[in-house]
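In what follows, a structure is listed as structure tokens, so that the remarks can point back to it.
The values are calculated or read from the model by the stated rules, or taken from the named source; none is laboratory data. As the structure is a computational prediction, the values presented were derived from the model and not from experiment. All Cβ positions, glycine included, derive from the backbone under ideal geometry; neighbour counts span all protein chains shown. SASA here: full protein model, heavy atoms, side chains in, ligands and nucleic acids out. Shrake-Rupley method; radii C 1.70, N 1.55, O 1.52, S 1.80 Å.
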Amino acid sequence: MNPAGDDSATTTTTTTTEAADGDLQRALEASLRDVGTMSAQEQDRLTIDQLNDIVATIAQEQPMVGAKVGISEALAAEYAENPMKGFALGIDILNAKYSAMRRVRKDGNCFYRGFLYRYLEALVLAQQQQPTTIPELVRIREVVKGSKKKLLDVGYDESAMDMFWEMFAELLDQVPSLTPDALHLKLNDEQGVSNHVVWFCRALSATQIKLNADRFAPFIMGEDGLADVDKFCRTEVEPVNHECEQVQIIALTEMLQVPVTIEYLDASGHPSSIVFPEGAHPTVKLLYRPGHYDILYDTTD
Amino acid sequence: MIGWAKRLRKELQEVRQLSVEDEPDIFLRVHEDSLLEWRAWIRGPHDTPYADGVFELEIKVTTEYPLSPPTVRFATPVFHPNVHGVTGEVCVDILKSEWTPAWTLLAACRAVRAVLEHPNADSPLNCDAGNLIRRGALEEFEDLARTAVAEHALREIPSSGATPSPGSDKPRLRGKHQGSCFYWHYLLALSPIFGVLIMQAVSG
């Protein structure tokens, strides 16, 4: 039932990532410098206003999910001036392994958004070639149908969750009539369901963590050395725009039973790839650079 | 965004089904048929200086809801470290950085009521209230809070919500006369503290 299981949770958390959408984080830190004289609540208010401004600016400047671009075309220029040559080496390796990538908006939702986009895109492509409903679409509909009871079982309010659940289910129902282009427009529509279905992935991830609290607890230790699973979900998983760590990734892949490969590009010169759960053969592949996820396409895609 | 109306209709449906027994201390309703504006009345929690009062909350929602939080302010003036003395703005984590779409308007009202019960004096919106608590002048703080309750709060939750509350039409503390009156009350209560400070300054 549970493809990741205890072992994969144990092995993967040792590489827990610094979760922060770089741009967002830097802008926030800069905004916090000159506020020494204000009361703490005024500072909070300012910070939140500024965070909202930053998110709004990012929304204007970056599409939720960009067009397909070549790996070196997209990344080489970005790292050309970087003194750490490991990045350039890593990009060459990725360029040989992958054909293209899509940039995902840096608003803290990049993992959930990239994961969901690529999964749905692959589903649409596979369904387009078949006259009848493909087994994966049947399966995921069942998973989502069954998720409602789980959400309520872990204590979510039905009146809060229904809309998200319905939107996700409706989107899956539309898959047979969608083309990849139509899906792209839909998932980039600021006024549409995109942000709602992305948030639903957070709720699914949190639900899986709560349902398996004993197993996840050791990896979500608080500063006091205690693991408060509910608090972790409330403060680290559910809030919109809150970055994602490996615990959330494991939980979401388990809940949907959709595996993911993550390629880590850093200054080492050797991108490392991790598969959740171990041993799976994911269609969804994401590029991770400290603080951010983008979508990767195999040379065969 | 298309989600807001769907979601708020669902919440409305739920709060309409609530009986007084289900939710004896909170009454939430839509304001003048706009799903984007709501009113709530919350009963002050037991064993607090607010226990005898009922407080009206003004709740506003944008079309970004529930991905963005509602804004909540006290329409009834209240003396509390985390409620702004002039605007009625209330500082609650879940309405700010910790908002998640899993919360509902009713949950937000419960959180605001919890703030009345657990004032956080360390990061006050109302510095006077915060300072009294921080200095350990709890009696003075509670006296002032009770005075404000006696002066501004309702005694009972409106039964249908159709009756406008006496407090809601009054000008708030930004009204010049009322404002000075209100501050006068707690300046009086603060005077012993000022006295002590002056004495210390003189003797030092």
Condition check for B:Glu32: open to solvent by 30 Å² or more (accessible area, probe 1.4 Å), touching a residue at least 24 places away in the same chain (Cβ under 8 Å) and either away from chain A (no Cβ under 14 Å) or among the polar types (S, T, N, Q) (or both): no
Selection count where residues are over 24 Å from B:Ser123 (Cβ atoms) and either buried (at least 22 other Cβ atoms within 10 Å of the Cβ) or out of contact with any Pro (no Cβ under 7 Å at 6 or more places or on another chain) (or both), scope region B:62-77: 5
Residue that is nearest to B:Ser68 (Cα to Cα) [pool: residues in region B:78-95 that are crowded, with 17+ Cβ neighbours inside 10 Å and without any contact (Cβ under 8 Å) to a residue 40 or more places away in the chain]: B:Leu95
Selection from region B:81-134 of residues that are β-branched (Val, Ile, Thr), farther than 24 Å from A:Val240 by Cα and more than 14 Å from the chain's Cα centre (by Cα): B:Ile133
Selected residue (criterion: most open to solvent (accessible area, probe 1.4 Å)) from residues of region A:172-202 that are closer than 20 Å to B:Tyr65 by Cβ and touching a residue at least 40 places away in the same chain (Cβ under 8 Å): A:Glu190
Elements of type helices (runs of 4 or more DSSP H) in region A:189-301, at least 2 residues being away from chain B (no Cβ under 14 Å): A:194-211, A:213-216, A:246-256
Subset of region B:70-79 that is part of a loop (DSSP other than H, G, I, E, B) and more than 8 Å from the chain's Cα centre (by Cα) - its residue that is farthest from B:Trp103 (Cα to Cα): B:Phe79
Test: A:Asp162 is within 14 Å of chain B (Cβ to nearest Cβ), more than 18 Å from the chain's Cα centre (by Cα) and either open to solvent by less than 50 Å² (accessible area, probe 1.4 Å) or modelled with pLDDT of 95 or more (or both): yes
Scan of region B:100-129 for residues that are at the interface with chain A (Cβ under 8 Å from one of its Cβ atoms) and open to solvent by less than 10 Å² (accessible area, probe 1.4 Å), ordered by number: B:Thr100, B:Pro101, B:Thr104, B:Pro124
Pair list, Cβ under 6 Å, 6 or more apart: region B:130-155 residue under 15 Å from B:Pro45 (Cα atoms), other residue open to solvent by less than 50 Å² (accessible area, probe 1.4 Å) and at pLDDT below 95: B:Leu154/B:Ser165
Criterion: under 22 Å from the mean Cα position of the chain (by Cα) and either crowded, with 21+ Cβ neighbours inside 10 Å or β-branched (Val, Ile, Thr) (or both) - qualifying residue of B:Ile42, B:Ile2: B:Ile42
Criterion violated by B:Gly136 - all others in (1) open to solvent by 20 Å² or more (accessible area, probe 1.4 Å); (2) modelled with pLDDT of 95 or more satisfied: (2)
Evaluation of A:Pro83 against (1) exposed (fewer than 13 other Cβ atoms within 10 Å of the Cβ); (2) assigned by TED's automatic domain parsing to the domain that holds A:Leu183 (one fails), failing number: (2)
Subset of region B:13-29 that is within 14 Å of another protein chain (Cβ to nearest Cβ) and modelled with pLDDT under 95 - its residue that is nearest to the chain's Cα centre (by Cα): B:Glu23
